[in-house]
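Below is one structure; the comments refer to it alone.
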Amino acid sequence: MINVEVYEKWMKYALIEAVKAFDAGEVPIGCIIVKDNKIIGKGFNQVETLNDATAHAEMIAITSASATINDWRLSDSFLFVTKEPCPMCAGAILNSRVKAIIYGLHDDEKGSCGSYYDICRDNKQNNFPIIKGGILAKDSHILIQEFFNNRRNK
């Protein structure tokens with residue numbers, strides 16, 4: 001069941017993570033994972049900080065959530081991320097078996113949950129999470145726009 005009010009509540013926590021990325025000089029994308037109405041994992045982009053191309057918000061949140069519940073299977077979990085996952089993150093999300101992917105801003109260049117690619121609904125795989133985009137997308141857009149405007153003006 002899609003409950004936009006509840007999704008917006010949780011997305012605000014993902015936006016807090018995105019602000020942490022912004023403050024660290026990283027592309028401001030944040031992610032949380034919720035299970036049984038509790039945040040079990042969170043992360044924000046740390047590609048530059050860690051010199052690691054895989055240090056996307058989703059990857060860090062998946063690792064955090066798996067450590068919290070001591071299981072790589074994140075069944076019955078909801079992943080909230082401020083921007084549509086890229087192909088790498090979509091694959092990791094599918095492998096972790098989350099129940100739902102809720103994202104903010106659509107990504108027409110690399111989005112892999114329906115905007116550009118549709119990895120998450122590919123009929124060759126056997127896990128089909130609920131996908132809902134556009135949740136607090138304007139907030140995510142403003143944050144990313146401000147980040148790149150600041151970089152251009154330096």
Checklist entry - Cross-link list Lys35/Lys138; Lys110/Lys154; Lys20/Lys124; Lys83/Lys124; Lys20/Lys110: which exceed 30 angstrom alpha carbon to alpha carbon? => result Lys20/Lys124
Checklist entry - Counting each DSSP H run of 4 or more residues in the chain as -39500 (n - 2.57), what helix-only mean residue ellipticity at 222 nm follows after dividing by all residues, to the nearest 500 deg cm²/dmol? => result -13000 deg cm²/dmol
Next on the checklist: Please give the charge dipole size of the chain, origin at the Cα centre, charges +1 on K and R Cβ atoms and -1 on D and E Cβ atoms. Round to the nearest 20 debye.
Outcome noted: 160
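Please sort by residue number the trypsin sites (Lys or Arg not before Pro) in region 72-145 whose DSSP state is loop and whose Cβ has at most 16 other Cβ atoms within 10 Å.
Working: sites: Arg73, Lys83, Arg97, Lys99, Lys110, Arg121, Lys124, Lys132, Lys138; in loops: Arg73, Arg97, Lys99, Lys110, Lys124.
When the trypsin sites (Lys or Arg not before Pro) of region 72-145 are filtered for loop state and at most 16 Cβ neighbours within 10 Å, Arg73, Arg97, Lys99, Lys110, Lys124 remain.
Expressed as a whole percentage, what fraction of the accessible surface of the chain belongs to carbon and sulfur atoms when a 1.4 Å probe is rolled over the protein heavy atoms?
Details: 4110 of 8330 Å².
Summing carbon and sulfur atoms, their accessible area is 49 percent of the total for the chain.
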Next on the checklist: Rounded to the nearest 20 debye, what is the charge dipole size of region 1-72 about its Cα centre when +1 sits on each Lys and Arg Cβ and -1 on each Asp and Glu Cβ?
Outcome noted: 240
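Tell me, in nm to one decimal, what length is gained between Ile142 and Val19 on full extension, where the rule is 0.36 nm per residue of separation less the Cα-Cα distance?
Details: separation 123, 0.36 × 123 = 44.28 nm, distance 1.13 nm.
Answer, rounded to one decimal: 43.2 nm.
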Checklist outcome for this item: Note on region 24-121, DSSP bridge orientation, antiparallel percent to nearest 5 equals 70
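Calculate, in nm to one decimal, what Lys110 and Phe128 gain on full extension: separation in residues at 0.36 nm each, minus their alpha carbon distance.
Values: separation 18, 0.36 × 18 = 6.48 nm, distance 1.94 nm.
This chain segment gains 4.5 nm when fully extended.
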Checklist entry - Roughly what would the spin-label model give for Ile69 and Met88, points 7 Å off Cα along C-beta, in nm? => result 2.4
Checklist outcome for this item: For the chain, dividing by residue count, accessible area per residue (probe 1.4 Å) in Å² works out to 54
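The values are calculated or read from the model by the stated rules, or taken from the named source; none is laboratory data. Computed from a predicted structure; not experimentally measured. Because the Cβ atoms are built from the backbone with ideal geometry, glycine has one as well, and the counts that use them run over all protein chains shown. We work out accessible area using only protein heavy atoms, side chains counted, and drop any ligands, DNA or RNA first. Shrake-Rupley method; radii C 1.70, N 1.55, O 1.52, S 1.80 Å.
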